[in-house]
Amino acid sequence: MSRVAGGDADALGELYDHYGRVVFGLIYRMLGSPESAEEVAQNAFHSVWRQARAYRPERGSVRTWLLAIARNAAIDWQRSKGNRMGRETAIDETLMLVDERRVEDTVIASLRAQRVRAAVASLPREQREVLSLAFWSGLSQTEIASRTGAPLGTVKSRVRLGMARLREWLGDDEVRR
Amino acid sequence: MTLHPTDDLGALALGALDAEEARVVRAHVAGCESCGVELRALQEAAFAVAETAERDAPDRLRTKIVERARREGAPRRATSSFSGLFRRPVPLAIPLALAVLLAISLATYAGAQRDRDRYASALSGIAGARVIALAPTGEVPGVRGSLVIPVSGAAPYLILDLPAAPSGKTWEAWILRGETPLAAGITNDRGVTTLVLTAPLVSGDGVAVTLEPSGGVDRVTGAPVLAGKT
């Protein structure tokens, strides 16, 4: 990151080599279109280039910082395009993805991804649903309550319990790079 | 006894809090080390979920990204905060009362030039945010500035109206908390511009703008030209 912040474009390329697949995959999942994902991923890395000097390692990993930029770029793109269809597709794909039956069937390249899948799949379905709607679709707890018909307090409880479980499984140094 | 918003940290990490809730929780976290540690762990966990979506991108994407960076040149000094990224972008509502108050105050402040004043236009376009005018210190004539704190929880920023910085100098923003000012971003723009602060503000912080050597510095060397308090 320090080389990127210093204006080394080759270092940005190396950052892409390291995180490009997960950034592109995240955006693709949210937008449901390879063309849109390519455009937004390019914009996200451009934001990383411009904001590199704002990165503070004590506030989180490079991966999380970069993915947060990518997710925001995807949500902004959805809003600017009014692209609800892509968002709905992403939700359905995500819910299918984390279904228990898929965990063992899916070919996963990395052990980290397997671990994440297992952690998500271990959550009760109602917790997976609210986390998916929040993470992949950018919905607030209030919006999730409205969409699912569940009381707001129930949604908040599911988010809290689901995140606590994920944090227990994934929120340690093993998931950081 | 301090009450910690423990139950809301997971939702904040997911970007699932409503704007006002997020602002309140983020303000607490900015001054609470234990909640900050917990939030960072939750954010790592939340974004680990993205691992499940890994996918090959077109080969041309890497080339596009690197070539665009080369064309643009070295990145500017920090213009965005980390914590501000963990937001849920939402359209800002337009509070009529704020717009009216701004219009009245700016009409007085901008005087005869108000109709063509880009600074006033920039401020009057703000909605869903707390706006704090920064006071000119008299060090540099004609400078103006306001601190904007979005209620959405997005990063605070300055709207500035500045003359061109002298050769070898740049404008630098500072957050004043305790005895050591925190560098909070630079700009070489002249005229009306915005500058996103690079660190979260907490209630009671001061904000100042100084002239510093090009590229910015980590410790204040120049006298404040604008100053205000949250």
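The values are calculated or read from the model by the stated rules, or taken from the named source; none is laboratory data. If you're wondering where the values come from, they're calculated on a predicted model, not measured in any experiment. No Cβ is skipped: glycine too gets one built from the backbone with ideal geometry, and neighbour counts run over all protein chains shown.
Here is how the numbers come out for the structure above:
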{"quantity": "Only one of B:185, B:153, B:142, B:138 that is under 30 Å from residue B:13 (Cβ atoms) and assigned to a loop (DSSP other than H, G, I, E, B)", "calculated": "B:153"}
{"quantity": "Residues that are of a type in the set (Lys, Arg) and in a helix (DSSP H, G or I), drawn from the stretch B:11-65", "calculated": "B:23, B:26, B:40, B:60, B:62, B:64"}
{"quantity": "The stretch B:4-29, residues that are at the interface with chain A (Cβ under 7 Å from one of its Cβ atoms) and over 20 Å from residue B:150 (Cα atoms)", "calculated": "B:7, B:10"}
{"quantity": "Verdict on residue B:197 being free of Cβ contacts under 8 Å to residues at least 60 places away in the same chain and surrounded by 14 or more Cβ atoms within 10 Å (Cβ to Cβ)", "calculated": "no"}
{"quantity": "Residue that is surrounded by the most Cβ atoms within 10 Å (Cβ to Cβ) [pool: residues in the stretch B:200-230 that are in a loop (DSSP other than H, G, I, E, B), among the charged types (D, E, K, R) and within 18 Å of the chain's Cα centre (by Cα)]", "calculated": "B:205"}
{"quantity": "Given (1) buried (at least 18 other Cβ atoms within 10 Å of the Cβ); (2) over 21 Å from the mean Cα position of the chain (by Cα); (3) not in a helix (DSSP H, G or I), index of the condition residue B:3 fails", "calculated": "(1)"}
{"quantity": "Pairs with Cβ under 9 Å, 6+ apart, first in the stretch B:206-225 and under 17 Å from residue B:142 (Cα atoms) and outside the structural domain of residue B:164 (by TED's automatic domain parsing), second polar (S, T, N, Q) and surrounded by fewer than 13 Cβ atoms within 10 Å (Cβ to Cβ)", "calculated": "none"}
{"quantity": "Check on residue B:167, outside any loop (DSSP other than H, G, I, E, B) and not assigned by TED's automatic domain parsing to the domain that holds residue B:21", "calculated": "no"}
{"quantity": "All helices (runs of 4 or more DSSP H) inside the stretch A:1-81 with 3 or more residues being of a type in the set (Lys, Arg) and at the interface with chain B (Cβ under 9 Å from one of its Cβ atoms)", "calculated": "A:62-81"}
{"quantity": "Selection status of residue B:201, in contact with a Pro (Cβ under 7 Å, 6 or more places away or on another chain) and modelled with pLDDT of 80 or more", "calculated": "yes"}
{"quantity": "Answer from A:130, A:98, A:120 - the residue that is in the same structural domain as residue A:165 (by TED's automatic domain parsing), within 18 Å of the chain's Cα centre (by Cα) and at pLDDT below 50", "calculated": "A:98"}
